[in-house]
1. Consider Val533 carefully, then state whether it is without any contact (Cβ under 8 Å) to a residue 24 or more places away in the chain and among the aliphatic types (A, V, I, L, M).
2. Within segment 95-136, how many residues turn out to be more than 30 Å from Ala207 (Cα to Cα) and either open to solvent by 60 Å² or more (accessible area, probe 1.4 Å) or in contact with a strand residue (DSSP E or B) (Cβ under 6 Å, 6 or more places away or on another chain) (or both)?
3. Tell me which helices (runs of 4 or more DSSP H) are completely within segment 66-174 and hold 3 or more residues being touching a residue at least 40 places away in the same chain (Cβ under 8 Å), within 22 Å of Ala248 (Cα to Cα) and more than 21 Å from the chain's Cα centre (by Cα), or say none if there are none.
4. Tell me which residues, restricted to segment 394-425, are modelled with pLDDT of 85 or more and either within 30 Å of Thr525 (Cβ to Cβ) or among the polar types (S, T, N, Q) (or both).
5. Given (1) modelled with pLDDT of 80 or more; (2) open to solvent by 50 Å² or more (accessible area, probe 1.4 Å), where does Val506 come up short, assuming only one miss?
6. Inside segment 188-237, can you point out the residues that are in a helix (DSSP H, G or I), open to solvent by 10 Å² or more (accessible area, probe 1.4 Å) and of a type in the set (D, E, K, R)?
7. List every residue pair whose Cβ atoms sit under 6 Å apart, with the two residues 6 or more apart in sequence or on different chains, where the first one lies in segment 338-350 and is assigned to a helix (DSSP H, G or I) and the second, anywhere, is surrounded by 19 or more Cβ atoms within 10 Å (Cβ to Cβ).
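The values are calculated or read from the model by the stated rules, or taken from the named source; none is laboratory data. No experiment lies behind these values; they were computed from the predicted model shown. Because the Cβ atoms are built from the backbone with ideal geometry, glycine has one as well, and the counts that use them run over all protein chains shown. Please note that ligands, DNA and RNA were not included when accessible areas were found on the heavy atoms of the full protein model with its side chains. Shrake-Rupley method; radii C 1.70, N 1.55, O 1.52, S 1.80 Å.
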Amino acid sequence: MLKGLKLLRSILKFVSLALLLALSLINALVVTSVVRDSGSGWQNFALLSALWLALLAIHTNFFFRKPFIAKPKVPFSFHQVPDGRAAELQEEAKNLKNLKEIDADQAKVFATAIGRPEQFRRRVVEEYTPDRRTLLRTATVDIEIPRRLEVQRDDAEVYLPVIVNKKGDLLDDFQMQEISGEGVTWLSYRQYLSLVARVLRRLLLAAYRLPEGADLPEAAAKAELMALHAIVRRTDTRNPVPVDYSGADEIAKLADAAPALRTVAVLFVRQLTSKYALVVRVKNAAGRHHKFRYSFTFTPAVKFARTGSKQRWSVGGFFRLLFGARPVALNLDIANASTCESYHLHVHAPNDLYLARQEVVGLDDILKRTAEKAPTMPHCRFRRRLGQPHMHFYSRFMPAFGPEEKPMVRLHFFEVPPGSVFRATLTAMAGLFVLWLVGFVSSRHADPGTDAAAFLLAFPALAATWLGFDSPSRKLLEGTLSARLSMTVTALLSIVGTGLFMLHRVNPSYNWPQLPSDVSFFGITDVAWAAAVAAAFVNASYIAYLCFIRTWQYSHLLVKPLD
């Protein structure tokens with residue numbers, strides 16, 4: 001049945017394409033007849049054109065648009081973790097042998113690092129490097145265990161979360177290493193879940209002041225099971241549902257538990273209900289810094305619309321993509337700023353772009369709050385110098401962000417002069433001069449006696465193609481729409497000029513429309529040539545003005561003193 005439908009669709013597509021081609025040929029014959037007969041029969045041409053456009057729209061929508069935007073078939077069925085998995089983890093944690101592998105101090109270190117990462121992360125440095133369609137994100141995390149949480153046994157090992165990522169998110173080309181010189185062990189996902197269960201059991205035992213191997217009160221055991229069930233649950237990214245924090249809420253209701261440890265457990269469970277951690281096991285050393293570096297590639301959401309618009313697509317954005325111009329604005333998430341004391345964000349753009357504007361969106365209300373145990377109000381700043389391809393954002397003592405708070409750094413880059421705008425200016429000027437020269441001569445002598453003008457008129461089109469689209473784009477941030485449009489206009493005007501020259505050459509006796517006897521456009525009296533040269537003049541003037549403005553902006557940023 002499925003093969004039959006595919007065959008029928010292929011046949012219909014072939015028939016539809018054949019009809020389109022046949023109508024195109026018929027329209028070409030009809031329009032030739034209309035021109036030859038001085039407009040007679042234009043009604044037939046209009047009717048056939050309308051029929052051709054309607055068939056083209058139906059063909060495009062049915063055979064291209066609908067199949068492309070249709071929701072793809074799910075390649076794999078989503079399977080939730082069985083309900084019994086949480087009970088298995090709970091039983092593992094009850095086992096005294098398993099529980100002895102991690103003591104109460106180790107549990108407090110790991111749980112606090114999950115719930116209060118800013119108390120462990122001294123510095124986070126994030127770097128972004130644009131690629132063809134992606135961004136390479138590299139982060140260096142400096143972790144120090146607070147002395148109040150130090151593990152008593154010198155030979156013990158501690159578990160530290162290096163990354164806490166949203167459930168369901170994949171990290172592409174992910175690499176992680178420890179850079180302080182000592183070997184470390186990264187936990188697998190199974191080991192991570194086992195560790196989480198044992199840490200939660202340790203916290204609840206300590207909160208109730210119970211010895212190892214003791215049974216938790218019924219309410220605490222029920223809350224523990226609900227929390228483990230929420231932690232092990234997978235997230236279906238295709239059909240997202242609200243996060244269920246009932247496990248953390250049940251732990252918060254344990255009135256007989258020690259408040260401080262209960263709070264640690266609640267924060268621990270709430271974080272891991274919607275996220276997962278990549279955990280490393282390191283040697284215990286209080287006051288010692290552990291440095292880790294990780295990198296991964298991610299694809300940013302590209303917006304082809306005006307800044308501030310809720311739409312992600314616009315007609316201008318379509319033309320920007322059509323002409324090969326890439327977006328020159330980046331919106332970068334700074335969620336890690338609230339997970340550390342000191343946060344640095346670096347962006348390394350290509351050398352042919354410079355930073356023109358930089359701002360932070362969604363941070364005003366956050367800066368009015370004070371982070372827990374922070375000595376001062378939050379502080380942040382940009383590197384003030386503009387005009388270079390590098391950006392540096394710095395913040396310190398940033399408070400925790402709310403669920404709806406998603407501050408972002410917004411950056412705007414321009415091309416470094418001379419760039420595509422300068423090349424477009426040269427091409428437009430050359431096209432204007434050639435059009436004017438040939439038009440000036442042709443308006444006085446319909447047949448100059450040489451075909452050199454045709455070769456001259458072809459030069460701007462070739463130059464525009466070579467300078468504007470000489471190599472495939474390999475960068476996420478590239479080009480300007482103005483330059484690409486100007487080169488396209490130059491090429492089209494060059495083709496128009498070639499057509500005018502050939503028409504005047506083959507029919508020199510025809511009475512071509514002329515401007516009034518006392519009027520000329522740069523010495524050109526022929527109306528058609530004057531219109532072509534006027535369009536070239538507007539194109540060259542606009543792109544030259546834009547080139548001047550961009551050059552002034554860049555030079556102004558280079559010499560602007562820091563205020």
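1. no
2. 13
3. 84-94, 104-115
4. Ser395, Ala424, Thr425
5. Of the numbered conditions (1) modelled with pLDDT of 80 or more; (2) open to solvent by 50 Å² or more (accessible area, probe 1.4 Å), the odd one out for Val506 is (1).
6. Selection gives Arg190, Arg198, Arg202, Glu218, Lys222.
7. From residues that are assigned to a helix (DSSP H, G or I), the pairs are Ser338/Met398; Thr339/Pro117; Thr339/Glu118; Thr339/Arg121.
Each row is one residue, and each column tells you yes or no for (1) surrounded by fewer than 19 Cβ atoms within 10 Å (Cβ to Cβ); (2) under 20 Å from Leu135 (Cβ atoms).
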position	(1), (2)
Asn336	no, yes
Val347	no, yes
Asp352	yes, yes
Ile366	no, no
Met377	yes, no
Arg384	yes, no
Gln388	yes, yes
Pro399	no, no
Pro403	yes, no
